[in-house]
1. Considering the options Gln266, Leu278, Gln224, tell which one lies farthest towards the positive end of the dipole of region 208-309, charges being +1 on Lys and Arg and -1 on Asp and Glu at the Cβ, about the Cα centre.
2. Rounded to the nearest 5, what % of DSSP beta bridges with both residues in the chain are antiparallel?
3. Counting only GluC sites (Glu not before Pro) that sit in a DSSP loop (anything but H, G, I, E, B) with at most 13 other Cβ atoms within 10 Å, what is the longest stretch of the chain containing none of them?
4. Between Glu38 and Ser174, what is the spin-label point distance in nm, taking each point 7 Å from the Cα along the Cα→C-beta axis?
5. Can you compute the FRET efficiency between Arg317 and Glu110 using 1/(1 + (r/R0)^6), with r the Cβ-Cβ distance and R0 = 25 Å? Round to the nearest 0.05.
6. Hey, if you drop one equal point scatterer on each alpha-carbon of region 72-178 and run the Debye formula without solvent, what base-10 log of I(q)/I(0) do you get at q = 0.15, 0.16 Å⁻¹?
7. At Gln14 and Ile334, where each label point lies 7 Å from the Cα along Cα→Cβ, what is the point-to-point distance in nanometres?
8. Give me the percent of Cα-Cα pairs in region 191-336 that sit more than 24 Å apart, rounded to a whole number.
Amino acid sequence: MKKATVRDVASKAQVSTATVSRVVHGQRVRPGVKERVEAAMAALQYRPNLAARNLRTNASGIIACVIRGLLMPELSPFIRAAESELRAAGYTLLLASSNEEAETQKELIERIMRQGVDGLLFTATSDEGNVLKNTMENIGLPTVLLDREADFLADSSVVDHQNGIRLAVDYLASLGHRRICLLTVPQSMRPGRERVLAFNHALAANGIAADETIIQDHFLDGAQAALGVAQLLESANPPTAIISGGMTLLSSVLRATNMLGRKIPQDLSIVAGCDSELAEIFTPSITTIRWDVWQWGTISARLLLERIGAKAPLEKRQWIMPTELVVRNSCMRIHR
(Lines give C-alpha, C1' and ligand atoms only; values in the text may rest on other atoms or scores of the structure.)
Protein backbone atom coordinates (compact mmCIF):
# COMPACT_ATOMS: atom_id res chain seq x y z
CA MET A 1 0.00 0.00 0.00
CA LYS A 2 1.37 3.41 -0.98
CA LYS A 3 2.26 5.62 1.97
CA ALA A 4 -0.15 8.56 2.34
CA THR A 5 1.19 12.10 1.97
CA VAL A 6 0.11 15.50 3.23
CA ARG A 7 -1.43 16.13 -0.21
CA ASP A 8 -3.51 12.95 0.08
CA VAL A 9 -4.83 14.04 3.48
CA ALA A 10 -5.56 17.55 2.23
CA SER A 11 -7.46 16.17 -0.78
CA LYS A 12 -9.57 13.78 1.30
CA ALA A 13 -10.37 16.43 3.93
CA GLN A 14 -10.94 19.08 1.24
CA VAL A 15 -8.52 21.53 2.82
CA SER A 16 -5.13 22.97 1.91
CA THR A 17 -1.84 21.30 2.81
CA ALA A 18 -1.12 24.29 5.04
CA THR A 19 -4.26 23.51 7.04
CA VAL A 20 -3.15 19.89 7.44
CA SER A 21 0.20 21.17 8.70
CA ARG A 22 -1.51 23.42 11.26
CA VAL A 23 -3.55 20.50 12.58
CA VAL A 24 -0.46 18.28 12.81
CA HIS A 25 1.41 20.95 14.75
CA GLY A 26 -1.46 21.68 17.13
CA GLN A 27 -2.20 25.16 15.81
CA ARG A 28 -5.66 26.74 15.71
CA VAL A 29 -7.98 26.02 12.78
CA ARG A 30 -11.65 26.73 12.08
CA PRO A 31 -14.27 24.77 14.06
CA GLY A 32 -14.87 21.34 12.52
CA VAL A 33 -11.77 21.45 10.33
CA LYS A 34 -9.53 19.74 12.90
CA GLU A 35 -11.93 16.81 13.20
CA ARG A 36 -12.19 16.48 9.41
CA VAL A 37 -8.42 16.47 8.96
CA GLU A 38 -7.91 13.99 11.79
CA ALA A 39 -10.56 11.70 10.29
CA ALA A 40 -8.78 11.83 6.91
CA MET A 41 -5.43 11.07 8.59
CA ALA A 42 -6.94 8.07 10.35
CA ALA A 43 -8.63 6.77 7.20
CA LEU A 44 -5.41 7.04 5.19
CA GLN A 45 -3.24 5.84 8.11
CA TYR A 46 -1.14 8.96 7.67
CA ARG A 47 1.74 9.47 10.09
CA PRO A 48 3.49 12.87 10.01
CA ASN A 49 7.27 12.77 9.77
CA LEU A 50 8.07 14.74 12.91
CA ALA A 51 11.74 13.80 12.76
CA ALA A 52 12.08 15.54 9.40
CA ARG A 53 10.25 18.57 10.74
CA ASN A 54 12.60 18.74 13.71
CA LEU A 55 15.65 18.64 11.45
CA ARG A 56 14.28 21.52 9.38
CA THR A 57 13.35 23.66 12.37
CA ASN A 58 16.25 22.69 14.66
CA ALA A 59 13.67 21.63 17.26
CA SER A 60 13.43 18.37 19.18
CA GLY A 61 9.67 18.34 19.78
CA ILE A 62 10.40 17.47 23.44
CA ILE A 63 9.59 19.41 26.60
CA ALA A 64 11.32 18.33 29.82
CA CYS A 65 9.67 18.50 33.23
CA VAL A 66 11.98 18.19 36.24
CA ILE A 67 10.26 17.89 39.62
CA ARG A 68 11.48 17.28 43.19
CA GLY A 69 10.09 13.78 43.51
CA LEU A 70 7.81 11.31 41.81
CA LEU A 71 6.11 10.07 45.00
CA MET A 72 3.61 12.92 45.06
CA PRO A 73 0.21 11.68 43.85
CA GLU A 74 -1.19 15.21 44.22
CA LEU A 75 1.04 16.25 41.32
CA SER A 76 -0.59 13.76 38.97
CA PRO A 77 -3.30 16.21 37.76
CA PHE A 78 -0.59 18.79 37.07
CA ILE A 79 1.44 16.36 34.95
CA ARG A 80 -1.63 15.09 33.06
CA ALA A 81 -2.86 18.62 32.32
CA ALA A 82 0.54 19.88 31.17
CA GLU A 83 1.11 16.77 29.03
CA SER A 84 -2.30 17.15 27.39
CA GLU A 85 -1.67 20.80 26.56
CA LEU A 86 1.82 20.12 25.19
CA ARG A 87 0.74 17.06 23.18
CA ALA A 88 -1.97 19.13 21.49
CA ALA A 89 0.78 21.52 20.41
CA GLY A 90 2.85 18.68 18.95
CA TYR A 91 5.27 18.15 21.84
CA THR A 92 6.25 15.10 23.88
CA LEU A 93 6.68 15.53 27.63
CA LEU A 94 9.80 14.03 29.24
CA LEU A 95 9.41 13.64 33.03
CA ALA A 96 12.36 13.40 35.43
CA SER A 97 12.89 13.66 39.18
CA SER A 98 15.76 15.17 41.13
CA ASN A 99 14.81 13.10 44.23
CA GLU A 100 15.32 16.23 46.35
CA GLU A 101 19.08 16.14 45.57
CA ALA A 102 20.88 19.22 44.26
CA GLU A 103 23.61 17.18 42.56
CA THR A 104 21.05 14.98 40.79
CA GLN A 105 19.23 18.12 39.67
CA LYS A 106 22.46 19.54 38.25
CA GLU A 107 23.17 16.33 36.30
CA LEU A 108 19.61 16.23 34.94
CA ILE A 109 19.79 19.82 33.71
CA GLU A 110 23.13 19.12 32.01
CA ARG A 111 21.68 16.07 30.23
CA ILE A 112 18.63 18.01 29.17
CA MET A 113 20.79 20.74 27.70
CA ARG A 114 22.86 18.18 25.75
CA GLN A 115 19.71 16.55 24.33
CA GLY A 116 18.50 19.91 23.05
CA VAL A 117 14.93 19.93 24.38
CA ASP A 118 12.71 22.84 23.35
CA GLY A 119 11.61 23.94 26.81
CA LEU A 120 11.62 23.15 30.51
CA LEU A 121 9.08 22.97 33.33
CA PHE A 122 11.18 23.07 36.47
CA THR A 123 10.68 22.61 40.22
CA ALA A 124 14.09 23.28 41.74
CA THR A 125 15.30 21.65 44.96
CA SER A 126 16.00 25.16 46.26
CA ASP A 127 15.53 28.75 45.15
CA GLU A 128 17.46 30.29 48.02
CA GLY A 129 20.51 32.51 47.47
CA ASN A 130 22.25 32.35 44.09
CA VAL A 131 21.87 28.61 43.44
CA LEU A 132 18.76 28.81 41.27
CA LYS A 133 19.81 32.10 39.70
CA ASN A 134 23.07 30.55 38.54
CA THR A 135 21.22 27.51 37.23
CA MET A 136 18.77 29.66 35.27
CA GLU A 137 21.54 31.75 33.74
CA ASN A 138 23.19 28.58 32.42
CA ILE A 139 20.06 26.88 31.05
CA GLY A 140 19.47 29.20 28.13
CA LEU A 141 16.15 27.79 26.90
CA PRO A 142 12.47 28.67 27.50
CA THR A 143 11.66 27.75 31.10
CA VAL A 144 8.73 27.98 33.47
CA LEU A 145 9.56 27.63 37.16
CA LEU A 146 6.97 25.71 39.19
CA ASP A 147 6.31 27.32 42.57
CA ARG A 148 9.83 28.77 42.55
CA GLU A 149 11.23 32.25 41.94
CA ALA A 150 14.55 33.49 40.55
CA ASP A 151 14.21 37.28 40.36
CA PHE A 152 12.30 37.01 37.08
CA LEU A 153 15.09 35.22 35.23
CA ALA A 154 12.33 32.94 33.94
CA ASP A 155 8.54 32.76 33.79
CA SER A 156 6.94 31.15 36.83
CA SER A 157 3.62 29.74 37.91
CA VAL A 158 3.27 29.82 41.66
CA VAL A 159 0.67 29.06 44.32
CA ASP A 160 -0.70 31.68 46.69
CA HIS A 161 0.36 29.78 49.82
CA GLN A 162 0.18 32.90 51.96
CA ASN A 163 -3.56 33.28 51.45
CA GLY A 164 -4.18 29.60 52.17
CA ILE A 165 -2.22 29.67 55.42
CA ARG A 166 -3.94 32.86 56.57
CA LEU A 167 -7.33 31.29 55.96
CA ALA A 168 -6.32 28.14 57.84
CA VAL A 169 -4.99 30.01 60.89
CA ASP A 170 -8.02 32.31 61.00
CA TYR A 171 -10.34 29.30 60.85
CA LEU A 172 -8.54 27.40 63.61
CA ALA A 173 -8.37 30.52 65.77
CA SER A 174 -12.12 30.99 65.35
CA LEU A 175 -12.54 27.50 66.82
CA GLY A 176 -10.57 28.48 69.91
CA HIS A 177 -7.18 27.00 68.99
CA ARG A 178 -4.18 28.86 70.37
CA ARG A 179 -1.56 26.15 70.09
CA ILE A 180 -1.32 25.67 66.30
CA CYS A 181 1.63 23.95 64.64
CA LEU A 182 2.79 24.51 61.06
CA LEU A 183 4.49 21.58 59.36
CA THR A 184 6.14 22.54 56.07
CA VAL A 185 9.02 22.03 53.68
CA PRO A 186 12.25 23.97 54.35
CA GLN A 187 12.35 27.72 53.79
CA SER A 188 15.04 27.22 51.16
CA MET A 189 12.02 26.65 48.89
CA ARG A 190 9.41 29.30 48.09
CA PRO A 191 6.43 27.33 49.52
CA GLY A 192 8.20 27.00 52.87
CA ARG A 193 9.08 30.69 53.05
CA GLU A 194 5.60 31.81 52.00
CA ARG A 195 3.88 29.55 54.54
CA VAL A 196 6.10 30.57 57.47
CA LEU A 197 5.72 34.26 56.64
CA ALA A 198 1.94 34.05 56.43
CA PHE A 199 1.73 31.81 59.51
CA ASN A 200 3.59 34.29 61.71
CA HIS A 201 1.51 37.21 60.44
CA ALA A 202 -1.75 35.30 60.96
CA LEU A 203 -0.81 34.28 64.50
CA ALA A 204 -0.05 37.89 65.36
CA ALA A 205 -3.29 39.09 63.76
CA ASN A 206 -5.22 36.64 65.95
CA GLY A 207 -3.33 37.57 69.11
CA ILE A 208 -1.62 34.18 69.36
CA ALA A 209 1.89 33.99 70.78
CA ALA A 210 4.42 32.03 68.75
CA ASP A 211 7.36 29.95 69.93
CA GLU A 212 10.10 28.01 68.19
CA THR A 213 8.40 24.62 68.57
CA ILE A 214 5.24 25.39 66.60
CA ILE A 215 6.98 25.88 63.25
CA GLN A 216 8.43 22.64 61.95
CA ASP A 217 10.02 23.64 58.63
CA HIS A 218 12.64 21.00 58.02
CA PHE A 219 10.72 17.99 56.74
CA LEU A 220 10.75 16.44 53.28
CA ASP A 221 10.79 12.72 54.03
CA GLY A 222 7.46 11.22 55.13
CA ALA A 223 8.88 8.85 57.77
CA GLN A 224 11.01 11.60 59.29
CA ALA A 225 8.03 13.94 59.40
CA ALA A 226 5.84 11.30 61.08
CA LEU A 227 8.45 10.81 63.80
CA GLY A 228 8.75 14.57 64.29
CA VAL A 229 4.97 14.96 64.62
CA ALA A 230 4.79 12.07 67.10
CA GLN A 231 7.49 13.69 69.26
CA LEU A 232 5.65 17.01 69.11
CA LEU A 233 2.34 15.43 70.14
CA GLU A 234 3.98 13.73 73.11
CA SER A 235 5.75 16.89 74.29
CA ALA A 236 4.85 18.73 77.51
CA ASN A 237 2.90 21.38 75.57
CA PRO A 238 1.51 19.67 72.43
CA PRO A 239 -0.43 21.52 69.72
CA THR A 240 -4.20 21.26 69.53
CA ALA A 241 -4.10 21.75 65.75
CA ILE A 242 -1.64 21.10 62.93
CA ILE A 243 -1.48 22.66 59.47
CA SER A 244 0.35 20.12 57.30
CA GLY A 245 1.63 22.45 54.60
CA GLY A 246 2.90 20.65 51.52
CA MET A 247 1.79 17.95 49.12
CA THR A 248 3.24 14.96 50.96
CA LEU A 249 3.01 15.75 54.67
CA LEU A 250 -0.64 14.93 55.41
CA SER A 251 0.07 11.20 55.39
CA SER A 252 2.90 11.79 57.90
CA VAL A 253 0.53 13.52 60.32
CA LEU A 254 -2.08 10.77 59.96
CA ARG A 255 0.59 8.11 60.48
CA ALA A 256 1.73 9.80 63.69
CA THR A 257 -1.79 10.18 65.12
CA ASN A 258 -2.55 6.54 64.30
CA MET A 259 0.69 5.39 65.93
CA LEU A 260 -0.16 7.29 69.14
CA GLY A 261 -3.85 6.37 69.13
CA ARG A 262 -4.95 10.00 68.85
CA LYS A 263 -8.40 10.73 67.45
CA ILE A 264 -9.19 13.38 64.83
CA PRO A 265 -10.64 15.91 65.58
CA GLN A 266 -11.27 15.05 69.25
CA ASP A 267 -7.57 15.01 70.16
CA LEU A 268 -6.12 16.97 67.27
CA SER A 269 -7.53 19.22 64.55
CA ILE A 270 -5.87 19.01 61.14
CA VAL A 271 -5.75 21.23 58.06
CA ALA A 272 -3.94 19.86 54.99
CA GLY A 273 -1.87 22.23 52.87
CA CYS A 274 -3.03 20.69 49.60
CA ASP A 275 -6.28 18.97 48.68
CA SER A 276 -6.04 15.32 47.67
CA GLU A 277 -8.00 12.12 47.34
CA LEU A 278 -6.59 11.05 50.71
CA ALA A 279 -7.94 14.20 52.37
CA GLU A 280 -11.37 13.69 50.82
CA ILE A 281 -11.88 9.98 51.55
CA PHE A 282 -10.18 9.74 54.95
CA THR A 283 -12.52 9.41 57.91
CA PRO A 284 -13.08 12.04 59.08
CA SER A 285 -12.58 13.98 55.86
CA ILE A 286 -9.74 16.50 56.11
CA THR A 287 -10.15 20.27 55.89
CA THR A 288 -7.71 21.49 53.22
CA ILE A 289 -6.16 24.45 51.51
CA ARG A 290 -7.10 23.90 47.88
CA TRP A 291 -6.01 25.17 44.51
CA ASP A 292 -6.82 23.90 41.03
CA VAL A 293 -3.84 21.63 40.30
CA TRP A 294 -5.17 20.78 36.82
CA GLN A 295 -5.41 24.46 35.93
CA TRP A 296 -1.92 24.96 37.33
CA GLY A 297 -0.56 22.37 34.89
CA THR A 298 -2.50 23.83 31.97
CA ILE A 299 -1.39 27.41 32.65
CA SER A 300 2.24 26.38 33.15
CA ALA A 301 2.29 24.56 29.79
CA ARG A 302 0.66 27.51 28.03
CA LEU A 303 3.19 29.95 29.49
CA LEU A 304 5.97 27.75 28.15
CA LEU A 305 4.37 27.35 24.71
CA GLU A 306 3.90 31.12 24.44
CA ARG A 307 7.54 31.63 25.35
CA ILE A 308 8.70 29.05 22.78
CA GLY A 309 6.53 30.50 20.02
CA ALA A 310 7.23 34.17 20.72
CA LYS A 311 8.49 36.06 17.66
CA ALA A 312 9.82 38.90 19.81
CA PRO A 313 11.20 39.07 23.39
CA LEU A 314 8.56 38.82 26.11
CA GLU A 315 8.69 40.31 29.56
CA LYS A 316 9.09 37.66 32.26
CA ARG A 317 5.69 36.70 33.65
CA GLN A 318 4.36 35.17 36.85
CA TRP A 319 1.02 33.40 37.19
CA ILE A 320 -0.32 33.12 40.76
CA MET A 321 -2.74 30.27 41.51
CA PRO A 322 -5.46 31.38 43.94
CA THR A 323 -6.17 29.27 47.03
CA GLU A 324 -9.22 28.64 49.16
CA LEU A 325 -10.06 26.80 52.38
CA VAL A 326 -12.31 23.75 52.04
CA VAL A 327 -13.88 23.03 55.43
CA ARG A 328 -14.61 19.37 56.12
CA ASN A 329 -14.71 17.36 59.37
CA SER A 330 -11.16 17.30 60.76
CA CYS A 331 -11.34 20.38 62.98
CA MET A 332 -13.18 20.80 66.28
CA ARG A 333 -14.00 23.77 68.48
CA ILE A 334 -12.14 23.69 71.77
CA HIS A 335 -12.91 25.41 75.09
CA ARG A 336 -9.88 26.11 77.24
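1. My answer, from the dipole projection, is Leu278.
2. Antiparallel: roughly 10 percent of the beta bridges in the chain.
3. Result for the longest clean stretch: 1-211.
4. 4.5 nm
5. It comes to 0.40.
6. Debye output, listed in q order: -0.74, -0.82.
7. 7.2 nm
8. Of all Cα-Cα pairs in region 191-336, 40 percent lie more than 24 Å apart.
The values are calculated or read from the model by the stated rules, or taken from the named source; none is laboratory data. Just so it is clear, the model here is predicted, and its values are computed rather than measured. For neighbour counting, all protein chains shown are included, and Cβ atoms are generated from backbone atoms with ideal geometry for every residue, glycine included. Side chains are part of the model used for accessible areas, which takes the heavy atoms of the whole protein and leaves out ligands, DNA and RNA. Shrake-Rupley method; radii C 1.70, N 1.55, O 1.52, S 1.80 Å.
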